[in-house]
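The values are calculated or read from the model by the stated rules, or taken from the named source; none is laboratory data. Given the structure is predicted, the values throughout are model-derived calculations rather than measurements. Please note: Cβ atoms are built from the backbone with ideal geometry, for glycine as well, and neighbour counts cover all protein chains shown. Surface accessibility is based on the protein's heavy atoms, side chains included, excluding ligands, DNA and RNA. Shrake-Rupley method; radii C 1.70, N 1.55, O 1.52, S 1.80 Å.
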Amino acid sequence: MSTRSEGPLGLDDDALAACVACGLCLPHCPTYRVTGLEFASPRGRIAAMREVEAGSMPIDDSFERAMTECVQCRACEAACPSSVPFGHMMEDTRAALTEQEHGTSASRPRRALEWVGYRLVLPHHIVLLGATWLLLAAQKLHLVPKRLALPALSPRSLARRLDVERGGQPHAWLFTGCVMDAWLRDTHRSTARVMRATGATIARPGAGGDCCGALHVHAGRREEARTLARRIIASMPGDAPVVVNSAGCGAAMKEYGVLLDTPDARAFSARVRDFSEWVVERGVPATSRSATPIVVQDPCHLRHVQRSHLAVRTALGESFALVELDDDGLCCGAGGAYAATQPELATAIRDRKVDAIRNAVGQPDPVVASANPGCMLHLRAAGLDVRHPADLLAEVLDG
Amino acid sequence: MCFPDSAETIAAAVRVARRHGRPFVARGSGTGLAGGAVPVDDPVVIVTTRCNRVLDVDPVQRVAWVEPGVLNLDLSRTIRHLGLHYAPDPSSQAACSIGGNVATNAGGPHCLAYGVTAMHVLAVEVVLPDGSVTTLGGLEPDAPGYDLRGCFVGSEGTMGIATRIAVRLTPNPPEVATLLLDFTSVDDAAATVSGTIASGALPAALEMMDAKITRAVEDFVGAGYPRDAEAVLLVEVDGLADGVAEQVAAVSEIGKANGARHVRVAADDAERALLWKGRKSAFGAIARIAPDYYLHDAVVPRSKLLDVLRRVYAIADEHALTMMNVFHAGDGNLHPLIAYDRRQPGVWEHVYEAGTEILRTCIDAGGVLSGEHGVGLEKRDLMPLLFSPDDLDAQARLRDAFDPDGAANPEKVLPRGSRCGELTAERASIGDKSCPLSTHALWWCRSVGEHIGKLAVGRPRSATGSWKCARPRA
Ligand code: SF4
Ligand code: SF4
């Protein structure tokens, strides 16, 4: 039985002890790769957690920094032969940091901004959509700095509603989410087309089924995440699979069982499928063959958390010539809100990824497939042509 | 602590340290298993992780110049499109750096056929402990003069720091086959090893894992390692297609004659990679059994392998400890591994005693202390078990020739009192101890984790609080 430590972070004792400091995770850690610093590596972060738990190091700015600089890509977890549950340790740590409100004066404005983001905008879809229209207006007026890596929004796409009914008893639910629905609604249209092409009837979640809480979990705002998770579960009753085309949301929803620790939540988590995973299970619909080579970029939360990245290849393999990257699935630096909160590191990490992508195909403007909105937006901001597997499939659907 | 990003800044860091009368120690990826990079005597720690460029690749001469922080596997990846690779492949190859490989003269499964690091390093540019920079060895087949390159490789940072390394690149073999043989007893597996070597076959790699380790590894990789086997052998043969087929048949036959239940030949690259991933994650996977482990690295003559193995298991039983074995069977390099939980009271004394007995057994069987991990801090005080005072004195004088002030990685490799006339009470006491593991080694085992912690949370930041570290000024 695992026990919680007595220390200020309340981490799982066995989890902390499980790291044998072998270092096999280091090359998979994006922040270690770009900084070369032990305290920007999983092993260093675990060591720092241990020191804090043992009382030999205070929770100070440098500790908080080592923790917030982690992208939470969880590549270290997939690489770790000891199965150190790094993702949950980091979430626990962030939760403890958030709870303790270890607030230096410098971090107060940031916290206020976070409150607006996590409490106001994300959970209230109407507010998010309103904010998106404002953002769009600001973009038109060239008020939005490029480095924020926000998507180029289209008023046409935003004004058209998604032609999928809410609620009912579908064969499969199409989870539409918050940011994705506001910023990448065309991808939902493609997803719906491909899903229907398999002969399935589909529906969107009923009321409250918008924000999955993934970003809240990452930021250590667990209670808010739990509330959102309960709302999501209630919005999609029945046994039908829950199809998610955002790898980050899918990963979080597959972990509701852990977050809420109830039989209902576990049953719900078992129904969650990534888009490609569901398409492959159901049978890839007939498509025509395209000549475009596609570079496959694995979102971390698809590869390291859901571990269902191979399905993307099966889903696209019949229609496209797929090109693999030679970087062991190293993170692109998007990491949910990471690109916005740690722009410097996120850009340095992305540079490596962009090089890997360009080297893989030997041409400057390759088409890249990525199954996560965060990665799509982050890589697009570097000038790459990034598309969701659903968009790619929808283009080559027969008929 | 400093983070130079080029050969020049490494050299500058050494000069700054020396000017301030401080010793220095280099640190790569921190995957070493003998404490060679643990800072002792308050040295300047020179971290090479940012010196990570492959500087020049010559596919015709098959040579690459690399910086010391280049990761072993990254190098092979960079040159894969040329049909080449870097042959020495320590288990930590995904994470460990070439500089660290040079320091410890690292081995790896494929060193059975291809040889250890020293055979793949043609030249090293080094910064000597006095801050001067020189190149040892050369690209020509037989550089004139003494082979100081050979002397530097494996010196564990006690003769200076490698700043640029010329490595030999090996052509990828046209054909590779990986076999997995499983046995119902360790004896049968060991007999197969002897049989294979005796038959004249020279596999590229010949690795053994016992039952406990096989299960732990399988839990991690799911490569289809048999959970019910008492021992498995992982054998790789390479070369021209015909020769490979012949060798596969020969090894399978020898295995079956010695009681192998199954012989599985990996069907494709993916399967082969998965099997190797299992073997190479073995040490890390131990945590599935217990949170701490103490790993030994001894070499015994192949003919004594079976006897030593039996004795090793018996020792563990006597101390009621969990013992596992994963090792390079082909060259008699044993890695007996004791898994324990330091939170359990009194367990450490048993780990310590059992470790001592194991090492004695290996040395009594004509073996040596270290196969590939190096001596570092961990085995420093065991050196007198293997070397006479004269041997130690000769080694100490060689070291002095490079580093008269003892500034390069102090307190490592050679025990205090190695020099003639320096026979102190301390030395005598080490010699007299009934147990060869000194208190120092004991301390190291306990605190290596904490050391990493200190490195992690040390504050190598500039006053402005940014991650940028103090770059040494030349
Ligand atoms: S791979 Fe796992 S055990 Fe090894 S250092 Fe990383 S977290 Fe620790
Ligand atoms: S989650 Fe990603 S960024 Fe964080 S320590 Fe692990 S590998 Fe590094």
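Residues that are closer than 18 Å to residue A:88 by Cβ and out of contact with any Asp or Glu (no Cβ under 7 Å at 6 or more places or on another chain) within the range A:21-30 comprise A:25, A:29, listed in sequence order. Reported count of residues in the range A:294-308, each being open to solvent by 30 Å² or more (accessible area, probe 1.4 Å) and more than 16 Å from ligand 2 (Cβ to nearest atom), is 0. For the range B:256-278, give me each residue that is open to solvent by 60 Å² or more (accessible area, probe 1.4 Å) and more than 14 Å from chain A (Cβ to nearest Cβ). Residues satisfying the conditions are B:256, B:257, B:261, B:262, B:264, B:265, B:267, B:268. Residue count for the range A:1-41, restricted to those that are away from ligand 2 (no atom under 16 Å from the Cβ), free of Cβ contacts under 8 Å to residues at least 24 places away in the same chain and open to solvent by less than 30 Å² (accessible area, probe 1.4 Å): 1. May I ask you to say which residue of B:308, B:326, B:312 is within 14 Å of chain A (Cβ to nearest Cβ) and under 24 Å from the mean Cα position of the chain (by Cα)? Among B:308, B:326, B:312, only B:326 is within 14 Å of chain A (Cβ to nearest Cβ) and under 24 Å from the mean Cα position of the chain (by Cα). Only residues that are part of a helix (DSSP H, G or I), of a type outside the set (A, V, I, L, M, F, W, C) and either farther than 20 Å from residue A:187 by Cβ or touching a helix residue (DSSP H, G or I) at 6+ places or on another chain (Cβ under 6 Å) (or both) were counted in the range A:375-399, giving 3.
Residues in the range A:15-41 that are among the β-branched types (Val, Ile, Thr) and more than 8 Å from every other protein chain (Cβ to nearest Cβ): A:31, A:34. Within the range B:279-297, can one find any residue that is touching a helix residue (DSSP H, G or I) at 6+ places or on another chain (Cβ under 9 Å), away from every other protein chain (no Cβ under 14 Å) and not in a helix (DSSP H, G or I)? Yes, the conditions are met somewhere in the range B:279-297.
Taking the stated definitions as given, is residue A:44 within 11 Å of ligand 2 (Cβ to nearest atom) and either within 8 Å of chain B (Cβ to nearest Cβ) or closer than 16 Å to residue A:5 by Cα (or both)? The answer is yes for residue A:44. Scanning the range B:357-378 for residues that are open to solvent by 10 Å² or more (accessible area, probe 1.4 Å) and away from every other protein chain (no Cβ under 14 Å) yields a total of 12. Determine whether the range B:371-383 contains at least one residue that is farther than 30 Å from residue B:73 by Cβ and of a type in the set (A, V, I, L, M, F, W, C). Yes. Any idea which residue in the range A:28-52 is nearest to residue B:1 (Cα to Cα), counting only those that are within 10 Å of ligand 1 (Cβ to nearest atom) and in a helix (DSSP H, G or I)? That would be A:44.
When residues in the range B:228-241 are screened for being part of a loop (DSSP other than H, G, I, E, B) and either without any contact (Cβ under 8 Å) to a residue 40 or more places away in the chain or open to solvent by 20 Å² or more (accessible area, probe 1.4 Å) (or both), 3 of them pass. Taking the residues in the range A:62-105 that are at pLDDT 90 or above and of a type in the set (Asp, Glu) as candidates, determine which candidate is farthest from residue A:251 (Cα to Cα). Here the residue is A:64.
Of the residues B:45, B:25, the single one that is within 12 Å of chain A (Cβ to nearest Cβ) and in a strand (DSSP E or B) is B:45. State yes or no: is residue A:45 within 24 Å of the chain's Cα centre (by Cα) and open to solvent by 10 Å² or more (accessible area, probe 1.4 Å)? Considered against the rule, which asks whether it is within 24 Å of the chain's Cα centre (by Cα) and open to solvent by 10 Å² or more (accessible area, probe 1.4 Å), residue A:45 comes out as no. Could you tell me whether any residue of the range A:70-86 is hydroxyl-bearing (Ser, Thr, Tyr), within 24 Å of residue B:276 (Cα to Cα), open to solvent by 20 Å² or more (accessible area, probe 1.4 Å) and within 14 Å of ligand 2 (Cβ to nearest atom)? So far as the range A:70-86 goes, yes, one or more of its residues are hydroxyl-bearing (Ser, Thr, Tyr), within 24 Å of residue B:276 (Cα to Cα), open to solvent by 20 Å² or more (accessible area, probe 1.4 Å) and within 14 Å of ligand 2 (Cβ to nearest atom). For first residues located in the range B:125-153 and closer than 22 Å to residue B:58 by Cβ, partners that are hydroxyl-bearing (Ser, Thr, Tyr) and open to solvent by less than 30 Å² (accessible area, probe 1.4 Å) and lie 6+ apart or on another chain with Cβ distances below 6 Å form the pairs B:125/B:163. What do you reckon, is residue B:222 within 14 Å of chain A (Cβ to nearest Cβ) and farther than 27 Å from residue B:34 by Cβ? It is true that residue B:222 is within 14 Å of chain A (Cβ to nearest Cβ) and farther than 27 Å from residue B:34 by Cβ. Being modelled with pLDDT under 95, among the β-branched types (Val, Ile, Thr) and in contact with a Lys or Arg (Cβ under 9 Å, 6 or more places away or on another chain): is that true of residue B:193 here? Taking the combined requirement at face value, the residue satisfies it.
Listed conditions (1) closer than 24 Å to residue A:79 by Cα; (2) assigned to a helix (DSSP H, G or I) are all met by residue A:327, apart from (2).
Screening residue B:244 with (1) touching a residue at least 12 places away in the same chain (Cβ under 8 Å); (2) part of a helix (DSSP H, G or I); (3) open to solvent by less than 50 Å² (accessible area, probe 1.4 Å); (4) within 29 Å of residue A:82 (Cα to Cα) gives one miss only, at (4).
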